[in-house]
Each structure stands twice: as structure tokens, then as C-alpha cells.
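Input: a single structure, listed below in C-alpha cells.
The values are calculated or read from the model by the stated rules, or taken from the named source; none is laboratory data. Source: prediction; values computed, not measured. Neighbour counts are summed over all protein chains in view; Cβ atoms, including those assigned to glycine, are modelled from backbone coordinates with ideal geometry. Calculation scope for accessible area: heavy atoms of the full protein, side chains included, ligands and nucleic acids excluded. Shrake-Rupley method; radii C 1.70, N 1.55, O 1.52, S 1.80 Å.
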Amino acid sequence: MNLALFIGKRLLTILITVVAILAISFIMMRFAPGGFFNSATIASGLGTLALQNPHLYQEYLQMFEKQYGLNQPLWRQTLTYVWHSLTFNFGTSFENPSVPIITQLKTALPISALLAGGSIVLALLIGIPLGVIAAVKRNTWIDSVLTTLSMTGQAIPSYVLGVIAVLLFGVWISGILPVNGWGTPADAVLPIVCLSAGNIGVITRYMRSSLVEGLRQEYIRTAEAKGIRYWHIIWRHGIRNSLTALITVVGPTFAFTVVGTVWVENIFSIPGLGTLLANAFTSDDIPLAITSVYILSLMVMLMNLIVDITYSLLDPRVKLR
Amino acid sequence: MAAKTLAAPPAGLVRKTKRPRFGWWSRYRRNKLAVFGLGWVVLFFIIGVIGPWIAPHNYAYTNFLAANQPPSWQYPFGTDSVGHDMLSEILWSVQNALEIALGATFISFLVGAALGLWAGLKGGIADQIVMRLVDFMYAFPTYFLDLILVTTFGRGLAPIMFAIGITGWAGYARLIRGLTLRLREGEMVEAARALGSTQRHIMIAYLWPNVRNSMLVALAFGIPGDLTVMAGLSVVGMGLRPPLPSFGNMIAQAGTNVLGFPWLLYFPAGIFAITLLSFLFVAEGLQEALDPKGGR
Amino acid sequence: MSDPLLKVENLRVEFQRSDGIVYAVNDVSFSIAPGETVGVVGESGSGKSTALMALLGLLDANGRVTGGHAWFQGADLLKLNRHQLEDIRGRDIGVVFQDPMLGLNPTMRIGDQIMEGMLEHHYASMKQAFQRTLDLLAEVGIPDPPARFRNYPFEFSGGMRQRVMIAMAIACEPQLLIADEPTTALDVTVQMQILALLDKLRRERRMSIIMITHDLGVATNFCDRIIVMYGGKIMETAPLDEFLHNPAHPYTIALFGSMLEPDDSEDWELHPIPGTAEPLLEFPQACPFAPRCSMAQPRCQTEMPQLRLFENEHWIACHRAEEVMSRAG
Amino acid sequence: MPDNALLTVEHVSKRFKVGRRVLHAVEDVSFDLPPGTTLGLVGESGSGKSTLGRIVLRLIEADAGRVLFQGQDLGKLSQEAMRKQRRYMQVIFQDPLASLNPHMTVGRAIEDALIVQQIGTKQERQEMVDEALRKVGLSPAVRDAFPFELSGGQQQRVGIARALSVGPRLIVCDEPISSLDVSIQVQIVKLLKDLQQDMGLSYIFISHNLGVVRHLSDTVLVLYLGRVVEHAPARELFRNPRHPYTRLLFDSILRIPKSSATRRKFVAIPGEMPSPLAPPPGCPFHPRCPIAVDKCKTEPPPLVEVSADHVAACHLAG
């Protein structure tokens, strides 16, 4: 009951946010130098088609004018656009007018979701144990090695790791893992590893500091005084609380990971949403650009909602707002 | 000697225990990585200032006859597909990188500090509004906003700096709001008010010295973050418009050419990665050295 | 007199700090008989808490035991390995800490926290432990145990949390309970409730209690014997009546004088002990109290007074004990 | 009302909003404080005693009632006038370290009080700082120390020195000794008594420790859930407590017995202090009161004079 109310509230917030983002993006793009959303830009976007097939060209031009209501006042255009986007009626992109955007999304989104999800799972699987080891062995050489390593992972962006991986597996020890394209499971290995490095760093360090802090609490002494075995204390009174707290950093991590997906897809030429987005921005394909931003953001916000719900279920002290 | 264990006479003298050194440098120095990082960062700043003067070529200088050359005495870092001297490119890039990162960090900090202070000092509705915004900005991939802003305002130095700056304030706002809130409600500020301090005096003499260090650390963490985003824009082709030299472009270019001309990657990516790490080491070192608990 | 339950001999504890070694406990010896309640009184830094935590291996990471024995059930606690100590803690020796606000895991139901120790020591099966937990909650005076079992610590008041802490400490029926300032963080009326509870428990269970406290009022009303500590050493120890009638160490006398009791005498003159207690950065060669002592002589600054036995099991570590006693008598 | 009072508090109330509920921190409290005397403010945690102290200092604005200090209604003063007035009303906190700026040396901290009140030239201020330190029994050598380098007792002396430096007439002492060691407590209490004698100070002494209050106070105000339950001259109150709650507090004091035979019998007092978010109807103390009658459950008892200068809020106290 309480939970339902909370989810409702949050969904409403997400809706408002999305509307705001769509409207602002649309208006900003509308007034961008060169004025993308007018017939002239669309015409240039469709460029070559005008020569090859003037009839089809005219048809597309009219289709875009209708889709975006280009003859109407700006506020009408904005409302129309927002409404279309909310109802997942994205129309078609400038570059590729024969294929509806929704069809492109249907192939691209699962790839990006797999990369993002896979990298987070991998990061949790590696980061949590490393963080626990660093905390239990705090102030030893193991701790400092792990801390330095995780700082390195955190500092070096996935695109740098990506190009290094391409160099490594494409030139130096080529043939072991593919560095380009998408199709086999092996194609996912390097992108996911590069993507997760940063998250491993974040999770390791968070886990370490949270566990060190947790083990300093008075109730650890109480448990010791009860005669609880060392590792039981670490697990029941330390790690469990830290894991609950870890959920709070997964939220921001998710935003970070989705951006990383965009980068890594471009480095490894993977036909996901990120590549779609990059192509859309570089070729001024505004409908596709805004739509991919919209979908990726939506993904992040929904994940955050799930994270918040999980957190409130796990920590008795958290009252849902 | 037993004298050391003797107590002071009736509440008279200061304790004779050794005073922990207040100087942060003596604590900072103990962290070797942080010292290395600081050295690199200083070098980076110096090159940022004098880079264009010591570069053998202009960044725009192209020499198609010398395209795609591996490192040599003439071109220590090699040349790219249009014959740009990579060493010169890098020397010029440092300046752009620093201008954008410092500018963006400064803008973020100003916006964050203003909003954070407002929320922390006013409380109530102001706090609610700011914290909602912060929550949103924190969980939202602001990089996408950067893309849209850059598309609208162009791919020059100033637009990119502005875009990254205006979207990156959430962390600062949260930090400063938290600090002010905690201090404002603490006994120290209450005591200062009880003395009859003006609001201004409390801010200058009580709040500022106690938030100074945390802000410095946050700024130190912010710069590498902004560098990452800046180069990240280039990865999707929305960074500084070539031929303006930038690490992002070099790395993105190298990514596509790496199979044939790997040296295009070694130097830009290597230097960029070490720079990011160095900034992080410095930030970590500062955090450790300035941590109030470390000193008292 | 029966064999002591716990016999501590020449216990020494040091802490490693950035500015050197702190000698926290220096040659402390005492024992406690079955069913006896001993009060360990001292100010902060006197080593009273450190000494007892050292016995249980509960020192902070920078602290270590550098000498002594602690005989308990035929074994030397100080020689046991971690595993063996874990077996004793909570099962044979229970501990109640000062701060019930921080002493409970905020994310664990209190019932689970009470059961945890019993299960760990294989003291009871899951089912028995559950039933016992309900009994324990009732025994320590928490109404409606089945409902409270499921509550989290933040749903309890300070006094109620301390009752939970006590239930945890006595769950496995230990023979010895170490209570480390159990009422210091509580309001006065709640302090009375907690002391009444401990009083009831020790009578019903014939449990020995070591009560660590800075409050002479608590110690003298609750305990059978008093140990006064200062500067990591025992200054004086005696059975309660002897202690009340013939306090003989200048520090004890000064402590009595420091009690801010609401008595109705017209003599309002306060005689504070001057100075402050300092951490011992060198191994003490002289009486640690000498710098603040109104009766100190040159000898006190150079020679460590040994704990000497007087009449009625009265031990005093003071060069001038005889004079003090005769003056008071 | 005696017109010579330094401080008069009239029907002061304060409520805080906690979520959707209302916390009745202070309810309709009145008292006077003649110059050179001490009022003891006694109660357990949640009794509102600290809030009341802060209202007197106008660190918290009262919802109702007024505070007259040196004849002026503090609530009516402008910010600037209030700021000037603070010179005469100072405060000492429970945790001296938390109330001092860790980045200021002791000397600077004390001087800051003088700077804020624009007292003296730089040279004069230095002398005044030394003077204040001497008054609280610290050597001027501590001037250059940072607060964290001092012991708890010394820190509290610095807090007192800072309060003294501006020449106050009233000092609100908010549990100034409860975080200190027993022997240091006595030092501070003696210091406060001596200072009062030398300088004619008035104190509001907030404490949960009745022994301390007895040693320092001329009159005592007992608070329970934000309400005055009893108010009397100290000696009268300690000899003849009339409210059952005051008696309960007295019963909770553990005096050192004469011998083991006269030790306290520990009898459990039932119940706990209710949450100030949901005070019981009628007399707030009735659920724990051993002598409560039906009337107590419904009708809040008024403060009635039970003897000269001695008031208590109990239906059965008359």
C-alpha cells in the first residue's frame, strides 16, 4: 500500500522529468544554429535522395512535416513531439527514412541493455569480494594494492581502456578475442570488461570504506562479546549492512555505466543504442538523437526506481518518501 | 624520566604532549602516489601554459608527405593520417584540456556552491527544491545533456566548457549543502550566534575555515571527472571540432586506426590516462592530508 | 572462602599510539568469587575498562596484553587462542556495554540479535532459542515479547535497549557478567530500573558481576567489594563495609569528597582534586596519583607503592596508608 | 513579580514540528531570576530544559510568551540590538570541543567574542584574553593551543573564559559538567561558584544531576515533558519535595551509604517517560505516578502555591 503509493509518486516524477527533457531538447534543437527542425535541414538530411528519387524525396519531406507539425507554432510542435515520444510513436529518422525508429530501437536496445547489465553484474561479482578483502586486510600491502588498482579502474575511462583492448587483442595478441562487431558471445567479452573496470573500482572502494566503517561500530564489539565467530561477525554485522548500503551507489553507477555503453559501443563498433546515438548526433539526425537520449535516460531512471525500492525493502530504517 | 607522566599543576599549564603537526604537507608527503601525481599535474599545468610555444609545429600544420609516420627523431610521437606531428598535437591539447576542465569545474562549483549554500542556510522549501534537483542530476546521465547542449551551441571551447560546467554541479551542491546544514545546526555555530556574531562573521570565521578543505578536495576530484567527459564527447564525434587539438579526438581517431598505426594511441592515451590518475592521486592525497581526523 | 571464579594476576596492557606507548594497565591483580559483585571504580584513563576488556580479548587493534595471567575455569584467558576465547565470551562471561544506542545492530531484529549468541554457542536449538528469547525478553521486563521480538533497535527507548543488551549478555547463563558503565548513558530514573533488573538477575541466577563505573554511588550501593583504580593501577580494594568505614587511599578519600551529593549540610566548601589524569607515556616508576595528591612526599615521586594487605581484606597501595588510617580512625 | 529581576520569563511555549506530529518542547513556563543568583533547571532527557535555555538566549524563538532581560523584551529587539544585548547573556555548552572552532586557537576563540562585541583595541583585547584565562585558572600559555590539544576540563575552562571575556551578567550553563570526569566536575563547579561570588553573575544551570544543582542553585525548577512540575527555593525543594515526580528524581539519587546495611534497595519504578510527541492527557506524569487518582488522568493540574515561594503542579500536593 505504502509501497504502491511510493512507486506511483516516483513514476509521476519520472514522467514529469521525461516530459521536461523532451520539451527542452526539442526546443533547444529547434533553435540550434542551422535550425534542424525545418524543411531545409530535413531536405539536406535527405540530401542524396533528392537526386536519386525526387518523388520519394517529396513524400518523405511531407511525412516529416506532418509528423512534426512544422507549419504549426512552436508550442504545438513541442506538445506534438512530446506526445509522440511518450506514446513511443517516434516516426522515422532523417538518415534512414524507410525504417521506423522503433524498429531500430528494437534491435539496438537489447544490445546496450546486455552490455550495461552484464558489466554491472560483473562489477558486483568482482568488486564486492575485492572490497571485503581490502577491508578485512586493511592497512596491509594487500589493501594498498587493491586500493591503488581500484583507483586506476575508476580513473581511466572505458573508452581509453577500449582502445587499449583493441590494440592489445587486435594487434599484439590478435585472434584470442574479437575486437570488432557483434554477433557471437565472444564479442561481448571485451566491451563488458572495459565497461566494468570503472564500476569495479567504485564498488571495491565503496565496499571497503563502508565495511571498515561498519566494523568500527559499537555493535561489532557487542557481537564479539557474545562470542560470535570472527567471520560470522564480518558477514552478519558487517557485509550485510554494507551490501544494503552498496545499493545506494549502484544508482549513480548506473547513469555512469549507460554513458560508458555509448562510448564502448563506438570503440568496438557494436550496433547498440550508443552507436545509434553517436551517428545521430554527428549526422544531425535530430529525431533519432533525442529519442536515443530519451530511451537511455528512461532506462537509467527506471533502474534507479528499482534500486530505491530494493533499498527500502532491505533497510528497516528507510521510510519511503 | 618520570616527569613526563606528571600531571600539570592545578589546571595551569598546557599539556606537554607533542603537538600534532598542523601542516598538511608533512602528511601529504607520506603518500608517494600523491607526490608523483602532484609532480605530473604540475608538469601538465606548465605544459598547458607554455605548450604552444615549445611545440615544433602548429596544430593545424599538415604535411601529407609525412603522413602516418612511426615515431622517429623528427617526429618523436609519430604523425597521423594527415601528417600532423603528434607531439605538437599533444602539447597543444594540454592547453585545451586544462581550459575546458578548469573552466567547467569552476562553473559547476559556482552553481553547486550557490545552490548548496542556499539550501543549507535557508532550509525548508529551498532545501526541498535543491535536493530534488540534485537527486535527479545525480542519477541522470548528464552526459546526454552535454551532447544536446553542444549540438545547440557548437563544438568550440566555450560551449563545451559551459555544457560540462552547467550539468556537473550536483555533487558540489550536495556536499556544500550537507556541510552547511551540519555546521549550521551544530553547537559551534550556536555558540558563535550566542556571542552575538553577525551572519557574515559566522560565515567567514566559522563556516568557511571548516568547509574549505572539503571543497578543495571536491574540486580536485572534479577536474579529472570533467576531463573524462570532455574527451568522452569526442568519442561519439561531438567533442572539440577538429582541427582544434584535443585528447578525445586523438584517442577516438587512434581507435579507428589502431590496427595499422598503433603509435597514434600510445602517447595520447597513455598521457591522458596518467593525467587522470595523477589528478585522482592528488585528490586522494589531499583528502587524506586535510582530513580533520588525521590532524587531531 | 571458596575458590575464586576469576583470578587476575599482574595484568599489563599497552597501547601503541602515534606519540608512543601508553601504559594503560600496570600489574593489576584481583579476583572475584562465585556470586560476588565487585565494583571497579575510576575515572577515564584509569584503565578500569581496558583491564577487563583485555581479559576477553576485546582490546582495540592497537592494544595488547604484555603480561599477567587470568585464571578462569582452570584456563588462563590470556593464553587462549581466538577460537577458545570466542567460546568463553557470551557463554561463560557476558558483557553489557555503556551505550545501548550504538551497541545494537540497527538493521537486525532484536530477537535475532538475542538468539544469535545462543545459536553460535550451540546452547540451544533454533526452536529452543526462540522460546528462550521470548522468556528472556519477559525476564528483563520488556512487555509483549512476541511483538517486540520482531522490532528493530530504533523502535526502542534507551532504557529498553539496555534491557535488550542485558538479555543478550545473560542468554547463555554466564557465571560472570561484566557490566561496563551500564547506566552512565541513561537518565537517573532509568538507571534505577536497570540496576534493579541487574540486582534481581544476580540474586535469581547467583551470577557474579563486575561493575565498572565512575560513580561511587552506583558502586557502593550495588557491589560487595570495591576496587579503586587510577593510572592503570589498583589504588585500594576492600569489602564494602571496610571500604565505607576506613577509606585509606588519598585518592579514594578525594573521590568521596568529589561526590556532589544533595546532602543538606551547610558546609558548601568544595575541595576538588587539582589537575587532570594524564596518559602514562612511560612505564610508571612512582605513584601515578602523586602529582595530584595533597599528601604526596618526595618518596611518592620516586618509589612505586605496592599494594599492601591490611586488616579485613583491605589492600592499599600508598606509602602513607598507615598515617591516613590512623588519622581517619 | 519582583521588579529587580535580571531576567523574567513569562508563559513561554515552544513546539517543534516533527514530520506531521508536534513536539511540545516547552509548555507555558514562567520564572524570574534576580541578579547574582542561580536557577537550577532540572529534568531528564526530553524534558525541554535545553530548549528553554536556548529560548532565554533567543537562540530559538519562542512560539508564545516573552523573555524580559534587564527590563527589555528580547523578542521585540531588532537583530542588531539583540546582538549587542548578547554581551550580557552568555552560554556554556555541554560539549566544549564541539562549541569551539577547531581552526581557532584558544586565544583567538576568546578574542573573537570581544571582536564580535567590538570591545577594546587589539592591544587591550590581548590583555583581556589573558585576564579571562587567568580567571578560569588557565595559564596565558594556552593562548596558542588549539582546542583539541587540551583536556576536557581545560576545554570547558576555555568555554567559560570565552563567555566571561565580554563581561556578562547572565550565563546559561547547559549541562556544563556532565561529559567530564568526577574530579574535574568538582573543579568546574567550584570555579563557577567562585566566579559567581567574585563577579556577581547570574546562572541558569541546566542539569540532570540533582547533586550539582543543589550545590549551585538558589531556586530550582523541575521540568517534565516541557512543563513545570515544581518550582521552589533549593533548600525548600530538597527538604520538602511536593510533586511525586520530584520525589521520584530524589529517590533515584544513589547516595554513598554509611554501611552495607543502609544500602539502597533497588525497587523498579514502573514505566518510562512518554514521548514528548504524544504526551498523556491530564497530568503528564500520571501514568508513572504512584499516587495518581482519576482526576489526574483527565485534568491537567495547575501550578499552585503549596507554601511560600513554592509551587507544584499536582492535584494532590495542596
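Evaluate the following for A:Asn241: is it within 25 Å of A:Ile200 (Cβ to Cβ), at the interface with chain C (Cβ under 9 Å from one of its Cβ atoms) and of a type outside the set (Phe, Trp, Tyr)? In short, yes.
One line per residue, one yes/no per condition, for (1) within 25 Å of D:Met89 (Cβ to Cβ); (2) among the hydrophobic types (A, V, I, L, M, F, W, C):
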site	(1), (2)
D:His103	no, no
D:Ile119	yes, yes
D:Gln123	no, no
D:Glu127	yes, no
D:Leu133	yes, yes
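For the range B:59-76, a tally of residues being open to solvent by 40 Å² or more (accessible area, probe 1.4 Å) and touching a Phe, Trp or Tyr at 6+ places or on another chain (Cβ under 8 Å) returns 5. Applying the criterion of at least 2 residues that are at the interface with chain A (Cβ under 10 Å from one of its Cβ atoms) to the helices (runs of 4 or more DSSP H) found wholly in the range C:109-164 leaves C:110-120.
No other residue among D:Tyr203, D:Tyr245, D:Tyr224 is over 17 Å from the mean Cα position of the chain (by Cα), closer than 17 Å to D:Leu52 by Cβ and of a type outside the set (D, E, K, R) apart from D:Tyr245. Confirm whether D:Phe250 is among the aromatic types (Phe, Trp, Tyr), in contact with a helix residue (DSSP H, G or I) (Cβ under 9 Å, 6 or more places away or on another chain), surrounded by fewer than 18 Cβ atoms within 10 Å (Cβ to Cβ) and part of a helix (DSSP H, G or I). Yes: the conditions hold for D:Phe250. So, D:Gly152, is that one under 30 Å from C:Met229 (Cβ atoms) and surrounded by fewer than 21 Cβ atoms within 10 Å (Cβ to Cβ) or not? Taking the combined requirement at face value, the residue satisfies it.
Annotation note: of A:Met151, A:Met207, the sole residue that is over 25 Å from B:Pro268 (Cβ atoms), in a helix (DSSP H, G or I) and either of a type in the set (Val, Ile, Thr) or open to solvent by less than 30 Å² (accessible area, probe 1.4 Å) (or both) is A:Met207. Can you pull out every residue in the range B:91-106 that is open to solvent by 10 Å² or more (accessible area, probe 1.4 Å), touching a residue at least 60 places away in the same chain (Cβ under 8 Å) and among the aliphatic types (A, V, I, L, M)? Result: B:Leu102, single match.
Rundown of residues vs (1) free of Cβ contacts under 8 Å to residues at least 60 places away in the same chain; (2) open to solvent by 30 Å² or more (accessible area, probe 1.4 Å), yes/no style:
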| residue | (1), (2) |
| --- | --- |
| D:His24 | no, yes |
| D:Arg58 | yes, yes |
| D:Glu61 | yes, yes |
| D:Val67 | no, no |
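When the range D:85-94 is limited to residues that are at the interface with chain B (Cβ under 7 Å from one of its Cβ atoms) and over 14 Å from D:Ile160 (Cβ atoms), the one that is most open to solvent (accessible area, probe 1.4 Å) turns out to be D:Arg87. The residues listed here are C:Arg225, C:Arg299, C:Arg308; of these, the one that is open to solvent by 50 Å² or more (accessible area, probe 1.4 Å), touching a Phe, Trp or Tyr at 6+ places or on another chain (Cβ under 8 Å), more than 9 Å from chain D (Cβ to nearest Cβ) and at pLDDT 90 or above is C:Arg308.
Within the option set A:Ala134, A:Ala197, A:Ala108, being touching an Asp or Glu at 6+ places or on another chain (Cβ under 8 Å), touching a residue at least 40 places away in the same chain (Cβ under 8 Å) and small (Gly, Ala, Ser) holds for one residue only, A:Ala134. Screening C:Pro288 against (1) within 22 Å of C:Ala238 (Cα to Cα); (2) at pLDDT below 90; (3) within 14 Å of chain B (Cβ to nearest Cβ) leaves a single unmet condition, (2). Restricting attention to the range A:221-232, the residues being open to solvent by less than 10 Å² (accessible area, probe 1.4 Å) and either under 30 Å from A:Leu122 (Cα atoms) or more than 7 Å from chain C (Cβ to nearest Cβ) (or both) number 1. For the range B:118-216, the helices (runs of 4 or more DSSP H) that sit wholly inside it and include 1 or more residues that are more than 11 Å from chain D (Cβ to nearest Cβ) and under 27 Å from A:Thr253 (Cα atoms) are B:124-139, B:142-153, B:157-167, B:170-184.
A Cβ distance below 8 Å, combined with a sequence gap of six or more or placement on separate chains, defines the contacts here; from the range A:286-308, residues that are outside the structural domain of A:Thr78 (by TED's automatic domain parsing) and of a type in the set (S, T, N, Q) reach residues that are surrounded by fewer than 20 Cβ atoms within 10 Å (Cβ to Cβ) and part of a helix (DSSP H, G or I) in the pairs A:Thr291/A:Leu105; A:Ser292/A:Leu105; A:Ser297/A:Val18. Exactly one residue out of D:Ile188, D:Ile184, D:Ile206, D:Ile177 is in contact (Cβ under 8 Å) with a residue 60 or more places away in the chain and either among the hydroxyl-bearing types (Ser, Thr, Tyr) or open to solvent by less than 20 Å² (accessible area, probe 1.4 Å) (or both), and it is D:Ile206.
Here's the yes/no breakdown for (1) hydrophobic (A, V, I, L, M, F, W, C); (2) part of a strand (DSSP E or B); (3) within 25 Å of C:His121 (Cα to Cα):
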{"residue": "C:Leu11", "(1), (2), (3)": "yes, yes, no"}
{"residue": "C:Glu14", "(1), (2), (3)": "no, yes, no"}
{"residue": "C:Val25", "(1), (2), (3)": "yes, yes, no"}
{"residue": "C:Ser29", "(1), (2), (3)": "no, yes, no"}
{"residue": "C:Glu43", "(1), (2), (3)": "no, no, no"}
{"residue": "C:Ala54", "(1), (2), (3)": "yes, no, yes"}
{"residue": "C:Gly57", "(1), (2), (3)": "no, no, yes"}
{"residue": "C:Val65", "(1), (2), (3)": "yes, yes, no"}
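Return yes when D:Arg255 is touching a strand residue (DSSP E or B) at 6+ places or on another chain (Cβ under 9 Å) and assigned to a loop (DSSP other than H, G, I, E, B) and no when it is not. Answer is no for this residue.
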